[in-house]
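Below is one structure, written out as structure tokens; comments come after it.
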Amino acid sequence: MTDLLAPLAYLHGQPTQPGTLKASPDDFIVSESLGFTPSGQGEHFLVRIKKRGENTKYVANELAKACGVSSRQVSWAGLKDRHAVTEQWFSVHLPGKADPDLAAFVENHPGVVSIEGTARHQHKLRPGDLTGNQFTLCIRDLASPQALVPRLEAIAKQGVPNYFGAQRFGRDGNNVEMARAWGRGEIKVRDKSKRSFYLSAARSLLFNQVVSARIEAGVFASTLSGDLCLDEQQQTYLVEQEGRHQPGITGPLTGDNALPTEGQAQHFEQAVVDKEPELLGVIRDNRMRHDRRVLCLLPQAMTWTHDADTLTVRFFLPAGAFATAVMRELVVATPQGEHNANID
């Protein structure tokens, strides 16, 4: 089994205490937040579903059947884990039709716990509509939950590396290996969804490696000259001075053009991504547009409780962030069942 996160550096030192994550779906609770309030009118029927032990696409397909439409007419803002209890919104395109009665849909699907709300809106849901997710995670079989409090306090104050989670790379890192084979010209990838998966995995791996290298070099929380930082309006700006403790330092989501950083930062990033010529080649051949992602992930409103052998942690993460990145800095987690954490 290939663990592409295993070689990556830890911000707070590698954890030593083992614990069990996802002993049951009830130990991994996710509730998504949309970036808007439904207008109350329009062709799209929005429904918030609480589900347990079911993945997003399956529920979407079953919802389409219940509404008498094709699966193409159902969309969502973010994919959610199967081995979890999740609340998320779906939209169903129902022009000129009344709101459907979903009582039988809930009754006939044990994994659908309840309908938490419905609304009308003029647009369908898209991935960019998601603001973030509230997590409640329970870690069991701990020898000393109390001993984790200093780590929890450090994470709440300093954050964690904003690594992409293992699910971004496919089972056993297969998406990265396929991207490398594609870059070597050993395969041709015509399927659009596979192309998207492989390119996403390639860019995510390069980003993770840059973040890890900055931790090892001691420049994770301080700037290099030429760094790009993200302000509160999500706009990037150039930092000329090195050694500044600046919020919002970013790393590369590599594209087909030159890195937009300058000076030390550009030299640092280029040296890391150049170690993966096959992945760089496939990214450039497909004319991927360069983007940036913040290096540090700071869980919001982070709280915790514990008893003799169990720790429960609650926090909010923005869309695109991975709860597994937080757990990785806390414990040596042994996941049970499915281990695909939240995916946006």
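The values are calculated or read from the model by the stated rules, or taken from the named source; none is laboratory data. In this text the structure is predicted, and so the values were computed from the model without any measurement. Using ideal geometry, Cβ is built from the backbone for each residue, glycine included, and neighbour counts are taken over all protein chains shown. Surface accessibility is based on the protein's heavy atoms, side chains included, excluding ligands, DNA and RNA. Shrake-Rupley method; radii C 1.70, N 1.55, O 1.52, S 1.80 Å.
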Rounded to the nearest 10 Å², the accessible area of Lys124 at probe 1.4 Å: 90 Å²
Spread of Cα-to-Cα distances over 5 Å intervals beginning at zero, given as percent, for segment 1-140: 2, 9, 17, 19, 17, 12, 8, 6, 5, 3, 1, 0
Of (i) -0.32, -0.67, -0.81, -0.95; (ii) -0.27, -0.56, -0.69, -0.83; (iii) -0.36, -0.69, -0.80, -0.91, the label for log10 I(q)/I(0) by the Debye sum over Cα atoms at q = 0.07, 0.10, 0.11, 0.12 Å⁻¹ derived from the coordinates: (i)
Rounded to whole Å, sorted largest first: equivalent-ellipsoid semi-axes of segment 236-298, Cα gyration tensor: 23, 13, 11
With all protein chains modelled, accessible area of Thr131 [1.4 Å, Å²]: 70 Å²
Relative contact order [Cα under 8 Å, 6+ residues apart], segment 138-297, whole percent: 26 percent
Charge dipole (debye, nearest 20) of the chain; +1 at Cβ of Lys and Arg, -1 at Cβ of Asp and Glu: 920 debye
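Which of the DSSP-defined H helices in the chain satisfy a minimum axial length of 15 Å, computed from C-alpha atoms, and a minimum mean Kyte-Doolittle hydropathy of -0.5? Each step should come with its number before you reach the end.
On the way: long enough: 56-67 (16 Å, -0.07); 192-216 (36 Å, -0.07); 263-273 (16 Å, -0.25).
Answer set is 56-67, 192-216, 263-273.
Among the listed pairs Lys57/Lys192; Lys80/Lys194; Lys51/Lys157, give every one whose C-alpha distance is greater than 21 Å.
Values: Lys57/Lys192 18 Å; Lys80/Lys194 19 Å; Lys51/Lys157 32 Å.
Pairs exceeding 21 Å: Lys51/Lys157.
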Relative contact order %, the chain, counting alpha carbon pairs below 8 Å whose residues are six or more apart: 26 percent
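Using helices alone, what [θ] at 222 nm do you get for the chain, with -39,500 (n - 2.57) per DSSP H run of 4 or more residues, divided over all residues and rounded to the nearest 500?
Values: 8 runs with 88 residues, N = 344.
Helices in the chain give a 222 nm mean residue ellipticity of -7500 deg cm²/dmol.
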Under 20 Å from the Cα of Lys188 - lysines, other chains or at least 8 residues apart: none
From phi via Karplus (6.51, -1.76, 1.60), per-residue ³J(HN,Hα) for segment 234-251 in Hz, x at Gly/Pro: 6, 9, 8, 9, 8, 10, 8, 8, 7, x, 8, 7, 10, x, x, 5, 10, x
Scattering curve values for segment 150-277, log₁₀ I(q)/I(0), Debye with Cα scatterers, q = 0.17, 0.19 Å⁻¹: -0.96, -1.11
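At 1.4 Å probe radius, can you tell me the per residue accessible area of segment 191-344 in Å²? Each step should come with its number before you reach the end.
Working: 7230 Å² over 154 residues.
On a per-residue basis, 47 Å².
Once neighbouring chains are kept in place and the probe is 1.4 Å, which whole percent of the accessible area of segment 130-206 is contributed by carbon and sulfur? Could you put the intermediate results ahead of the total?
Working: 1660 of 3570 Å².
Summing carbon and sulfur atoms, their accessible area is 47 percent of the total for segment 130-206.
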Radius of gyration and Dmax over the Cα atoms of segment 160-202, both given in Å: 11.0, 37
Under Karplus coefficients 6.51, -1.76 and 1.60, residue-wise ³J(HN,Hα) of segment 305-310 in Hz, glycine/proline x: 9, 8, 10, 4, 9, 9
